[in-house]
Structure formats: C-alpha cells, structure tokens
Amino acid sequence: MLITGAELADGRVRDVRVREGTIAAVDEGLDPVAGERAVDARGRHLLPGAIDVHVHFREPGGSHKETWGTGSRSAAAGGVTTVVDQPNTSPPTVDGAAFDAKESMAAAASYVDYGINGGVTADWDPETLFGRPLFALGEVFLADSTGDMGIDVDLFETALAEAAERDVPVTVHAEDATLFDDAALAGDLGGIGTAATADAWSAYRTAEAEAAAVERAIAAGAESAARVHIAHTSTPEGIDAVADSDATCEVTPHHLFLSRENTQRLGTFGRMNPPLRSEERRSGVFERLRDGDVDIVATDHAPHTVAEKRQPLTDAPSGVPGVETMYPLLLESVRTGELSIERVRDVVATNPASVFGLDRKGRIEEGADADLVLVDLTNPREIEAGALHSRCGWTPFEGWQGVFPELTVVRGEVTYERDPVTGAESFGEPAGKNVRSS
Ligand SMILES: [Zn+2]
C-alpha cells in the first residue's frame, strides 16, 4: 500500500509505503509499483493508530454487553488499533486457565491488536498468570469478578512485589472507599434520570477518595520499585500527584468532556467509577491534558445494555462505552483549536507505546508496525449511537461532533474503511494479535 500526500502530526507532508505489515518508507515523491494499492491522502492527516490501554470487552461472561468481535470493530471504526483488556470478566483473568480462555477468544475474533491484563484477587495465581504473555496487572483495586473494591493492603503490596520482580507494569484503580460519603446515597434519590439521582454518585465517590488513593499507590509503587500506572485519573489533584512522581496516569474522554453539569441529561447512564466531577475539576483535567501533565488518554470502555443502565441509581452498573469516540472527540478538539494534533497523537499513541513498552507501535516511522489512521479534519460528523459498532447501543456523547477515520490500518491490513461521500463502511478480517506474544 502507498499512501500519498498525507499531512503528518508534525506538519510534514509525506508519502508512506507499507509492506508486509510494516512502514517501509516515509518519504516524498514515491510512485506506486504494480499491484500496490494507492491511497490519495491529499488534504488529510495520517496519524498512528490509537493504543487504548483500558477497555472492558466483557468476554468471557458478558457477551450480551460486548464481545471481542463487536468491541474491536468499534475500536477499528474509531481509529484504535490496539486495545488492552481489563481482568474483571467472568471468570476474572486471575490465573493461567482464565488467561488462556480469554486469549483464544480474542485471537479468534479481534479486529485489532490486543493485550490482556491479569487481575489480583484473594485467589489469584501469580505463577500461572506470569507464565503467560501478560500485558500488565490491571485495575488492581477492582480486579475481582463482582467489581468490589478493596483487595487488602497486604495483597496489594504482594502484587506490586511480584510485578516488580518481572518488570510488569501495574495499573491501579485509585479510589479509597473509606473516604466515600455514604450519606450522599441515603434518602430518596428520586426516579431514574432525575437530577438528584444523577448527581448523587458524584457526591458519594468523593474527589478526596481519589487523591488519597493515588498518593498511597504512588508511595507503595516507590517502596516496591514497581511501575505504577494510575487508571482513569479524574481530578486535577490526582494528576498533580502523579506528575510529581515516577508513576504515570491516564484520563478518560468522559472525564475530559463531561462534568456533573451533564448528569441531569445522562441520569444513571452517567454513573461510572470514578464519577463525573465538578465543571471546575473537569476543566482542570482538560488543561493538564493540554499542557502535558497527562501521559495517556484511555477510554475505560465499559459497555452495559440500555436496560441495565435504565435502573435506579444503586442498581444501574457503573461504566460507559467510549472506544469508538475517543479519537474522534480529541480530533474535534484539534479542529476547534483547543488541542494541538501533536498532543493528541502523543496521548493516544506515542505515550502509551513508551509507557507500556510497545516498541513497534505508536509512531509513523520506517520499521514500525503499519498501524495507521487517515482522517479529514475539515469533515466532522455528529456522533449517533445507531452509527456506532459497540453492542451496547448507546453513547454518553450522543449529538456531539467527532472527526472519525476514513481508513484504519492494522499491521498493513485495511481493518476499517468508510467512504466519506456515501458513508458506506467495510471491515477487513479479525486478524488481531496479542502484542505481548512474539
Ligand atoms: Zn475499567
């Protein structure tokens, strides 16, 4: 494949040749050779495919919400070429057998490359788990199958030590449940979708609970020499604590773009962990993304069905979908001048590759994997749940504008394509590979 005349994130206009899954040349004046597909990319941007280090594709055990097939199609259509799945599936990914079961599902069905995180529960099995091509220990505070928080401190420290010994990063869900405000959930919360219902979750899971847990995770990581990555940091306080440490952090699109002001519209569909914060905190998080203190944007794509979400607050499960709308929303912020395109490239591709040691991913350079996304920054479109590919069938960003890919390439193969004129879409083959296997 030869992609000609594309603007890269750094402003250079280049031709990019792809051969055998790899970027073979980034140059000017390249001519197509016989049998090679040529893509005229003039006027468009060519970016590295996004690496979403935080998704929940729900298999095994939750295929009515999402599958490796539907989740990875949603990823490809949103310009995400690598995903990392978290361990709170059913059964949870806490031993070699559970890892192998998930791995075989992903290998058969995923349209994008993937990594698999292992979990830590009272009955996890480090010996068999670390014997597999493990991506990281994931969501350490949230790793059991019920979604309850709070493996105890001893187990957390054991997990950090085990991970440090094998140089496996640890992704920490940092919220301290002892600092939640139980009173916020007492009394009459009103019906589904009322303002009282919607906002109570944010009042309950306090910002202080996150800040305290981030501090503790950073300290424990330093103590054990483990590489700690804080998942879905939702407060300026949490991000600032990470910025002053050796740890890294990610933020989600929903914490960047939505606040408690949106909860009236979202109702229980806006329940997630950590919760939406005040508008002041949201804008503080966005500023830190813009100015460089945020390492990674990752989605915490956590699909649930509409019926599951349309329940009273204490019954509706936590989580929102997002893998397909992350790159489009960030690119829309580029289009409107709020973010630079290089910053967006860094937080979705360059930085996740370097933080998690994916040497072949996240950059458009000779010799790298040809994971590519072609976008037209002059052509945003409205986000509609009906046009997205997740099985869950809804999005918290209904009606927002997004810049979606025209072409998504995974290791040189066209995985997703959309005709910008007719809107016709096509997918390639489910040929995703585990990024930790050689
Ligand atoms: Zn998660």
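Give the angle, between 0 and 90 degrees and rounded to the nearest 10, that separates the Cα long axis of helix 207-224 from the longest principal axis of the Cα atoms of the chain. The angle comes out near 80 degrees.
The distance linking segment 28-92 with segment 257-296 is 25 Å (Cα centroid to Cα centroid, whole angstrom). Summarising the strand pairing of the chain, around 55 percent of its internal DSSP beta bridges are antiparallel.
Hey, what angle do you get for helix 195-204 against the long axis of the chain, alpha-carbon based, 0 to 90 degrees rounded to 10? That helix lies at roughly 80 degrees to the long axis.
Computed over segment 13-141, the quotient of the alpha carbon radius of gyration and 2.2 N^0.38 Å is 1.33.
Taken over the alpha carbons of segment 333-438 as equal point scatterers, the Debye sum produces base-10 log I(q)/I(0) values at 0.11 Å⁻¹ of -0.43.
Per-residue ellipticity at 222 nm from helix content only, as computed over the chain with -39500 (n - 2.57) for each DSSP H run of at least four residues, stands at -8000 deg cm²/dmol.
Computed from backbone phi with θ = phi - 60° and the Karplus coefficients 6.51, -1.76 and 1.60, the 3J(HN,Hα) list for segment 395-402 is 8, x, 10, 3, x, 6, 8, x Hz; x is used for glycine and proline.
When we measure straight from the Cα of LYS361, which lysines land under 25 angstrom away, once same-chain ones fewer than 8 places off are left out? Result set, ordered by chain and number: LYS102, LYS433. Applying both filters, DSSP loop and at most 16 other Cβ atoms within 10 Å, to the trypsin sites (Lys or Arg not before Pro) of segment 1-62 gives ARG12, ARG37, ARG42. A 1.4 Å probe run over the protein chains yields, for the chain, 37 Å² of accessible area per residue, whole-number rounding. Note that segment 180-189 has calculated 3J(HN,Hα) couplings of 6, 9, 4, 4, 5, 9, 7, x, 7, 8 Hz, one per residue in order, obtained from phi through the Karplus relation 6.51 cos²θ - 1.76 cosθ + 1.60 (θ = phi - 60°); glycine and proline are x. Amide H contacts under 5 Å for SER110: GLY432, restricted to partners 5 or more places along the chain or on a different chain, H placed in the peptide plane at 1.01 Å from N. Taking every alpha-carbon pair in segment 275-370 and binning the separations at 5 Å intervals from zero gives 2, 11, 16, 19, 18, 13, 10, 7, 2, 1, 0 percent.
Mind giving me the FRET efficiency for ARG216 and GLU20? R0 is 45 Å, r the Cβ-Cβ distance, nearest 0.05 is fine. With a Förster radius of 45 Å, E is 0.45. Coupling constants for segment 58-71 follow from the phi torsions by the Karplus curve (6.51 cos²θ - 1.76 cosθ + 1.60, θ = phi - 60°), and in residue order they are 6, 9, x, x, x, 5, 6, 8, 6, 10, 4, x, 5, x Hz; glycine and proline get x.
Binning every alpha carbon pair distance of segment 49-360 at 20 Å from zero, what are the percents per bin? Pairs per bin, as whole percents: 35, 61, 4. Across all Cα atoms of segment 351-412, the radius of gyration (one decimal) and Dmax (whole number) stand at 15.0, 39 Å.
Who wins for biggest fluctuation among SER90, SER390, SER318 in a Gaussian network model of the chain, springs between alpha carbons below 10 Å? Comparing SER90, SER390, SER318 in the GNM, the peak value goes to SER90.
Where both bridge residues fall in segment 19-157, DSSP classifies roughly 10% of the beta bridges as antiparallel. Against the chain, whose longest principal axis is taken from its Cα atoms, helix 326-335 shows a tilt of about 70°. Rounded to the nearest percent, how much of the accessible area of the chain (1.4 Å probe, protein heavy atoms only) is carbon and sulfur? Carbon and sulfur together cover 46 percent of it. Put the Cα centre of segment 352-384 next to the Cα centre of segment 312-334 and the gap is 20 Å. Entry note, segment 309-438: relative contact order of 22 percent, from Cα contacts under 8 Å with a spacing of 6+ residues.
The values are calculated or read from the model by the stated rules, or taken from the named source; none is laboratory data. Computed from a predicted structure; not experimentally measured. With ideal geometry, Cβ positions are generated from the backbone for all residues, glycine too; neighbour counts draw on all protein chains shown. Quick note on the areas: whole protein, heavy atoms, side chains included, nothing else; ligands and nucleic acids left out. Shrake-Rupley method; radii C 1.70, N 1.55, O 1.52, S 1.80 Å.
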